[in-house]
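The values are calculated or read from the model by the stated rules, or taken from the named source; none is laboratory data. All values reported here derive from a predicted model rather than from experimental measurement. Cβ: placed from backbone, ideal geometry, glycine included. Neighbour counts: every protein chain shown. Accessible surface areas use protein heavy atoms only, side chains included; no ligands, DNA or RNA. Shrake-Rupley method; radii C 1.70, N 1.55, O 1.52, S 1.80 Å.
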Amino acid sequence: MTTVLYTPATGYPDLEIKIAYGLARVAFEAAGIDGVRIIPAGGYYQVQANADPNRLNAVFRILSRRLLASNYIPFSTPGITSRSAGNLIVKPDESHDLAIYLQPQLDPRHLKTNVCGHELGRDQTVSNVIGLTAATSFPKRRDGLDVQYQPVDPKQRGSPRIPRRPTNPGKICKTCALLALTGTWFATCFFTVQESRIMVIPVPRRQVDGLQLERLFSYQHQLRQKYISQQLPLRVIPLLFFSRVPSSADFLEGFDLYVVVLSRQQGYHVDGILVLPVADYFNFVRWSPYNLAAVDLLLRGDAKSAALAELNRLICTGKPADPARFARLYTEETSTGEYTNLLYYQTVEYLLKEVAMIKPEIIENRSIGSLARTLRYFIREKKYGYADDIRNARRDTRVFEETIAKMLREAKLRLEQKEKIHLPSDEEVKEVFRLANEDFESTRLALVILAFSFPARVEDA
């Protein structure tokens, strides 16, 4: 027997998918890996389970009493404060019937009714807190005009009042709240970046079968409780996510990432919400393991976030960002006082071929490689002037040729001083100038980015 369950069409995308994952987790236990699927239906989800409603109810009763009868999960969920956590604990005499999900809930609702449309009595209703859906929070404002003064203990007469940020006063039935909490802990990844709690929720855009759900329910343990000391912009969170869980690229086809940033100052409030398609990131992740190794270096404590932001623009938007600028920032941010770090050659191939779309004959040209080898010598000495001038050169000026000529004069002087430095031949320099006349942007980019990378093969000097 196949039972179809419908999420309540609350209008909050993160709450809706959390309830769907909660129902799928119950169905997963009741029907097994091949007996469950989630189907997006436009504003809500269908959850199909190869089990009858009585079996699903029995499994939900066991699951909720074993997982949600203690205060650990609600008190440990980002966005849920101690004032709300007590209402999200399953009591010994409680029972919840999943029959309320057997029909779609598509009727219009008044603002004062439960957002899920289930009217189950006052004792079966809880506040709609940020931990269940971040979309209920008002945006943070620096002017403080959205702050409300609320009593520390609402039950105590004359309790002192402290400033708190308001949330939507809407309510939700406890059954939906418990399912959303289950979906949070089985399919939502949350971790800490400095003082902010990050929640990443995969949102399917097409049917999800049991095998995908099994992997989805297991992957989020790889990131839970991870702490990142570096302050990161919201937009680069997917890079952090894929660098920590690279295998997720194999089963998140057809998903978007719903990213929520929470901070806790006088209670939780939402610092940002972002919904991102992940297709662009898959190409970057699958190109080479060295790509994620480069991201990992940028996530270390001493690095800044400018290179990560530039890389994210390259992955998502391509041409408007500057691959050469990213190469410069990467080297500067990952190098130490005594060691100059360079880009992995595999990452350089991704930048040149996939982002800049430069022809292989230019990337592999021996003359460009020879001149890049000389430029790399100065970069290793943290003398970035030549690279910066070439990177910023324009076709209608002679900066490109003049910078190369000046660099070669200093290189010859260094060679006379018995330093180990490679000098390109006159024919190679002329070949680079000829290529620049034919395709200036590609030649300039290839020269600079190759100079900021480790050589593809061992060089003599």
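The table for this structure:
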| item | result |
| --- | --- |
| Per-pair calculated FRET efficiency, R0 = 30 Å: Asn54 and Ile33 via Cβ, rounded to 0.05 | 0.90 |
| Segment Ser425-Arg409, length gained on full extension (0.36 nm per residue, minus Cα span) | 4.5 nm |
| Options (i) 137, 49, 35; (ii) 98, 53, 37; (iii) 89, 57, 36 - which one matches Cα extents along the principal axes in Å as calculated here | (iii) |
| R0 of 22 Å, Cβ-Cβ distance Ser247-Arg206: FRET efficiency to nearest 0.05 | 0.65 |
| Simple Cβ-charge dipole of the chain, Lys/Arg +1 and Asp/Glu -1, about Cα centre, in debye nearest 20 | 1500 debye |
| Value of relative contact order over the chain, rounded to a whole percent, pairs C-alpha under 8 Å and six or more apart | 12 percent |
| Gyration tensor over alpha-carbon atoms, the range 172-326, equivalent ellipsoid semi-axes in Å | 26, 20, 14 |
| Contour excess over end-to-end distance, with Cα ends at Lys359 and Asn71 and 0.36 nm allotted per residue | 97.7 nm |
| The range 310-410 - accessible surface per residue (Å², probe 1.4 Å) | 46 Å² |
| Gap separating the Cα centres of the range 228-245 and the range 1-26, nearest whole Å | 28 Å |
| Cβ-based charge dipole, the chain, positive-most Cα from Ile362, Phe251, Gln103 | Gln103 |
| Hz values of 3J(HN,Hα) by residue in the range 63-73 - Karplus curve (6.51, -1.76, 1.60), Gly and Pro given as x | 5, 5, 6, 7, 9, 10, 7, 9, 8, 5, 5 |
| Accessible solvent surface per residue of the range 1-92, calculated while the other protein chains remain in place, 1.4 angstrom probe, Å² | 40 Å² |
| Inter-site label distance for Arg366 and Leu120 at 7 Å from Cα along Cβ, in nm | 7.5 nm |
| Exposure rule at most 14 other beta-carbon atoms within 10 Å, DSSP loop GluC sites (Glu not before Pro): the chain longest free segment | 1-118 |
| The range 167-300: antiparallel DSSP beta bridges as a percent of all, rounded to 5 | 90 percent |
| Label point distance in nm, Ala99-Ser82, each placed 7 Å from Cα along Cα→Cβ | 4.0 nm |
| Trypsin sites (Lys or Arg not before Pro) restricted to the range 390-461 and DSSP loop, no more than 15 other C-beta within 10 Å | Arg394, Arg395, Arg398, Lys418, Lys420, Arg457 |
| With all protein chains modelled, accessible area of Ile273 [1.4 Å, Å²] | 70 Å² |
| Glu195-Ser263 pseudo-label distance in nm [points 7 Å out on the Cα-to-Cβ vector] | 0.6 nm |
| Cα-Cα over 27 Å, subset of Lys18/Lys171; Lys359/Lys412; Lys353/Lys412; Lys359/Lys430 | Lys359/Lys412; Lys353/Lys412 |
| Long-range HN-HN contacts of Leu343 with modeled amide H, under 5 Å | Ser453, Phe454 |
| Whole-percent carbon and sulfur share, accessible surface of the chain, 1.4 Å | 48 percent |
| Sparse-neighbourhood loop sites, chymotrypsin sites (Phe, Trp or Tyr not before Pro) in the range 332-392 - DSSP loop, at most 13 other Cβ within 10 angstrom | Tyr339 |
| Computed lengthening from Glu338 to Arg398, 0.36 nm per intervening residue step minus Cα-Cα distance | 18.2 nm |
| Environment charge of Ala69, counting only residues whose C-beta is closer than 15 Å and scoring Lys/Arg +1, Asp/Glu -1 | +3 |
| Eligible aspartates and glutamates near Lys406 by straight Cα distance, threshold 18 Å, same-chain separation 8 or greater | Glu381, Asp388, Asp389, Glu416, Glu419, Asp426, Glu427, Glu428, Glu431 |
| Förster-model FRET efficiency, 35 Å R0, Arg161 and Ser218, C-beta, rounded to 0.05 | 0.20 |
